[in-house]
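Have a look at the structure below, then the notes.
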Amino acid sequence: MSRRRFLRLGAGLGAALLIGSARSAQALLPPARRGRVVIVGGGWGGLAAAAHVRKQLPAWEVVLLERAAGFFSLPLSNAWLIDQIPTDFLTRDPVAAAKRLGYMRIETEVQEIDRVARRVLTAAGALAYDYLVLAPGIAEQTGHWVGDDPAAMAALQAFDSAFVSSAALAPLKQRLHGFAGGDIVMSVPPTPYRCPPAPYERACAIGWWLKTHKIPGRLTVLDPGAGMASFRSAFDTLFPDQIRFLPFQNIESVNPFKRIVQTDFDTLHFDTAILAGPQRAGALVARAGLDARDAQGRSTGWADADPRSLQARADERVFVIGDALGLASPLFGHYPKTAHMAVHHGRIAAAGIAARIHDTAFEPFFPESVCWVTDSFTPHEMIRIDTHYRQRGDGAIAQQVEQARENNPRGEEKAWVSGLFGEVFGAA
Ligand SMILES: Cc1cc2nc3c(=O)[nH]c(=O)nc-3n(C[C@H](O)[C@H](O)[C@H](O)COP(=O)(O)OP(=O)(O)OC[C@H]3O[C@@H](n4cnc5c(N)ncnc54)[C@H](O)[C@@H]3O)c2cc1C
């Protein structure tokens, strides 16, 4: 199949798949001539994998499957919530990126992975793969807060934290902008969770919003741990009247109808809430039998993959990247679940797959993470968090974290995100 016909087919199929609803075993595409890499998930990790596999394997089919339309960045979204970043800076066109970079993007929900037959089952058909990259991000578990009652679970969605999907950001922004006063309760998820400084940065954004707009409201932050020292000091010094920080609080239950949160210490009433629950890998990981087990044989909820090569331990044809990845080292736990890290994972998985196909030696390189977060919006001050890795003599992966304060930033955070956009969308 010529590249042009391949891309045309992709565009046509993308439209057709929006109509499909029931799972079908009918083939979604004809067999690939040379071979096919399928990527599940078109967030930061999946987009990076698609771009890099495309470069490394020009003669292979590269197909990215993503259930959502469009792309909206979670990085810098806290500043967007309070109108400090424009919408168009955070949105990108993933269909145009697929065309530009030369891979096929199909908008569909992946429902199952048949690892024996090496195919994925989607709403509109089955797709065979030679190699599979899984980048499904995270899922949140909050049902236990409401005793798994379906009506209460539906009501809980009104207090979504937008930590799982950026689609929940717009309703969150609407709630914040419509808030005229009263109590907001926000929870920090238990570790490991996506973007560790993000809840604290968001607290500072909300504190700034209340203070700047003179809204008679208070944000209570419930943290299962002690919090991050740099942000706790910002809460105390910049927002003493807006933010109340309560450490070592685990949510036991939520009544979304009466608007009550019960922790192991307190009962809190709220007018609105931003409730982030415990996280785990996107559901496909466990469904494909690729989740790690603890000493008692229980699922940890996170993917069991080699932290250097990112190859699933149960299947040499599958690579798991991004936030879904499980334990990286007994010394520090998980890699930080950041966009920067997910993009590096995409690079590593692509290089590993290409080396396998070309039968060349491959020594996986270490990923790294950079994160720019804001604690003071006026005057603008930021913290840069860098994370590096090395192999210790005994084989364990060691992590080095550096935090640097930038008291006079000049667009560093935007330049950093633009660099990532350039890498995964082929244009900043
Ligand atoms: C408020 C906030 C602020 C953040 N700030 C930063 C920051 O400043 N810097 C930083 O580096 N990181 C930041 N992050 C973290 C960053 O967003 C994540 O680490 C990153 O999105 C992880 O990429 P991923 O590809 O693993 O997952 P995702 O980006 O979540 O992508 C997963 C994709 O898979 C798709 N998917 C899942 N299941 C299926 C299925 N069955 N079928 C089809 N598609 C499926 C989903 O729709 C989704 O698009 C922030 C996160 C939050 C919540």
Matching residues in the stretch 61-75 (within 6 Å of the ligand (Cβ to nearest atom) and either among the hydrophobic types (A, V, I, L, M, F, W, C) or out of contact with any helix residue (DSSP H, G or I) (no Cβ under 6 Å at 6 or more places or on another chain) (or both)) number 5
Reported set for the stretch 279-305 where residues are assigned to a strand (DSSP E or B) and among the hydrophobic types (A, V, I, L, M, F, W, C) is A281, A292, W302, A303, A305
Q311 passes all but one of the listed conditions (1) assigned by TED's automatic domain parsing to the domain that holds D149; (2) within 26 Å of the chain's Cα centre (by Cα); the exception is number (1)
When (1) out of contact with any strand residue (DSSP E or B) (no Cβ under 6 Å at 6 or more places or on another chain); (2) assigned to a helix (DSSP H, G or I); (3) within 11 Å of the ligand (Cβ to nearest atom) are applied to A49, the one that fails is (1)
Scanning the stretch 322-336 for residues that are surrounded by fewer than 24 Cβ atoms within 10 Å (Cβ to Cβ) and not in a loop (DSSP other than H, G, I, E, B) gives S329, G333
Per the list (1) within 22 Å of V320 (Cβ to Cβ); (2) more than 10 Å from the ligand (Cβ to nearest atom); (3) not hydrophobic (A, V, I, L, M, F, W, C), residue check on P58 breaks on (1)
Notebook entry, point to check: Hey, does the stretch 306-320 have a residue that's within 13 Å of the ligand (Cβ to nearest atom) and under 22 Å from L121 (Cα atoms)?
Noted result: yes
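The values are calculated or read from the model by the stated rules, or taken from the named source; none is laboratory data. These numbers were taken from a predicted model, which means no experiment stands behind them. Ideal geometry is used to build each Cβ from the backbone, glycine not excepted, and the neighbour counts take in all protein chains shown.
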